[in-house]
Structure formats: structure tokens, C-alpha cells
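Data block below; observations after.
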């Protein structure tokens, strides 16, 4: 493990150990108890008489040995009973005692966190995470202490790779939630979800939009498409269909699916067989549809058949290539008269650097008493033209 991850791991575990000692010891033993008892992170205090005259270190060790004789599985007492002989951690706990305690029971978070510290100090990221995992499985409340400081480490591919074996753990997906909510953390969170097997269809639904938007914004639209097909219930033909349908307008998969207006300015209702109807508030301009596609290089013919209601409607179709430095864009404006049916036609040419296309369809209504209506007069279509 590199030095950055090492220092992050050590500081994280140290903070958690300090917090555990405060919670487990100070809350159960009076402030007048011997200092050694207040510092001992591994004493099973519920087995101790709450007294202030416990004596010194020797008395505590005697009591610990008695607990082990009476209850051999009291693993938390082992580090005190064995004493600090040989190599010790920075907190003075015998390494041999920690190993012995773990053979008795892996369900003592304090032991696991001390072992995680040792692993971090030795640069063993895998072992550090194993001990993290054991501590978190026993005490999920540690998530809030252990996980947030590790969010910056997600930028390191080695760290994300080391997390893969833990993909089935609830705490790891919670870690992803924390990362996604952190400032600037959504990119690394998306990478984590991807490497945890989300690309195999195991992503919780709430994470799907985060991953899709991150992949698309980074230009990796093909991976985003594969991700949608594995985590959604869409067939390739449904996703590839250009005309808006209920299947390819699923909000979970935006921007690979149509983002359909549903607000106080405009409302689009999708109907069977690619039909739709939009209502636009008087005197307002609204975006009806938006979507990202990845058509191959070439010349295309785009058809958008529409018809209006009893009010005139102005329609615009905007198409721009991403990244923006490709400088390729097409825009069409049309005024549709009342009860008119018209097919709007564009002939865009996608160059090699136009890897991603952003489509926006907007409409504006006159200042009238009733909302304006714009409806599909057939399916939208995109067809490549012969070269």
C-alpha cells in the first residue's frame, strides 16, 4: 500500500480506537478509576466490578487471567492478560496478544482495529481491509468513524481493487453513498460502484444514475450503455430506439434515455407506439425532451413529425456534439400553426470527434388563455445516409 493510503488507514483506525476507548471505558467507569483501566481498550468492563480501588497493573492482569480461566472466550481480556511482552503496538498492546485474541474470537472490534493499524503500518492494504470488515460486521455503528476519512483514497485504483472482494458487504455500499454525497466524490464513487461489480447488474438502484452520469460526463458512453443494459430491464432494441417511449424514458437511466418534461411549465405524456403529447403553459418556453446518444461518424437524416393543437407553437431542435471543442452543432426552429401537422427534418453530419451527441427539443407557447399542445404525428427517427 502506498504511503498515502498507509497514513490514511493508520489515522482512521487510530481515531476509531480513541473513540471506542472513550465510549466503552469512560461511559462505564468513573473518572476516579485507575488511569490504566481508563486507557485499557481491551478490558471487558461488564465483567469488572465498577470500583475505584482496583489497584495497579498487576491487579488488573490477575483479574484478566481469572476471567480467561472462567470464560476462555473472553478474547478482549487477552491483551491485558498476556501483557506487553515482545513487539507492541503504538498503544502498548502486545502484538502476540492481539494474534492470540483473534484466534479466540474475531468479534472484538477493538482487537480488529488494532490489527488493522498493524496492517496499515506494514503497508498491507488487503489485511487492513479484512480487519476493517470484521470490525464493521460486529459493530456497524463504526461506519461513521471509519469510512469518511477513507473517501479520498477512492481516487487510488489500488484501493478500489482491494475493495472488490468485499462487494457483498452492506457497509461498502454505504461507503459508496458517503463518497457520492461528499463534495467532488461522485466520480470516485462511480468508479467504486463499477469495480464492485455494478457492471454485472448488482448495483443498488439508487447508485445507477450516479454511475451513468459519471461515465457519460467522462466520455465513456459505451460503458454507460452496457451498464444500463445490465442493471436495467431494457433490451438493446428498446434503448436504441430514438422515438420516446416509456421504456427509453426511464429517469433512472438519463441521459442515455430521454429526460421528459414533467414540471409546472410543461408536461409530456408518453403514449403507446412512440406517440406523445406535450402541454406548454401560456407565454412560456420549456424543454420537452433531452437525451444523449452515440451515433457513429457519418451523415444522418433526422425526422420529428409533430402536430399542434388549437394554439400555434414554436419548436426548436438543438443538436450539439460533445466534447464541446468539436464545435459541431445543429439547430432548427419552426413555427407550427394551429392544427398543423409537419415533419421537422435535420441532416446532421457527425465527425470522428463527435463521439457523443446531445439532443434537446424545446417548445414555446403564445400568451393565451389555454396551454398550447404539441403532439407526435408519428415516430421520431434517425437514419444514416448512404455514403
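A few remarks follow.
- Yes/no for residue 137 being in a helix (DSSP H, G or I), out of contact with any strand residue (DSSP E or B) (no Cβ under 9 Å at 6 or more places or on another chain) and crowded, with 19+ Cβ neighbours inside 10 Å: no
- Taking the criterion of being over 28 Å from residue 168 (Cβ atoms) and surrounded by fewer than 18 Cβ atoms within 10 Å (Cβ to Cβ), the residues of segment 204-234 that qualify are 217, 219.
- Count - residues of segment 336-378 that are assigned to a loop (DSSP other than H, G, I, E, B) and surrounded by fewer than 17 Cβ atoms within 10 Å (Cβ to Cβ): 15
- Only one of 210, 228, 216 that is in a helix (DSSP H, G or I), within 9 Å of the chain's Cα centre (by Cα) and over 24 Å from residue 112 (Cα atoms): 210
- Residue within segment 147-158 that is assigned by TED's automatic domain parsing to the domain that holds residue 208, free of Cβ contacts under 8 Å to residues at least 40 places away in the same chain, over 14 Å from the mean Cα position of the chain (by Cα) and part of a helix (DSSP H, G or I) present: yes
- Of all residues in segment 179-203 being at pLDDT below 75 and not in a helix (DSSP H, G or I), the one that is surrounded by the most Cβ atoms within 10 Å (Cβ to Cβ): 196
- Verdict on residue 131 being surrounded by 17 or more Cβ atoms within 10 Å (Cβ to Cβ) and not assigned by TED's automatic domain parsing to the domain that holds residue 109: no
- Look at (1) within 23 Å of residue 300 (Cβ to Cβ); (2) assigned by TED's automatic domain parsing to the domain that holds residue 359 and you find that residue 265 fails only one, number (1).
- Qualifying residue in segment 278-301 (condition: within 23 Å of residue 207 (Cβ to Cβ), in contact with a strand residue (DSSP E or B) (Cβ under 6 Å, 6 or more places away or on another chain) and crowded, with 19+ Cβ neighbours inside 10 Å): yes
- Residues of segment 244-260 that turn out to be assigned to a loop (DSSP other than H, G, I, E, B) and surrounded by fewer than 20 Cβ atoms within 10 Å (Cβ to Cβ), as a count: 2
The values are calculated or read from the model by the stated rules, or taken from the named source; none is laboratory data. Predicted model, so just to flag it, every value in this text is computed and none were measured. In this analysis, Cβ positions are derived from the backbone assuming ideal geometry, glycine residues included, and neighbour counts consider all displayed protein chains.
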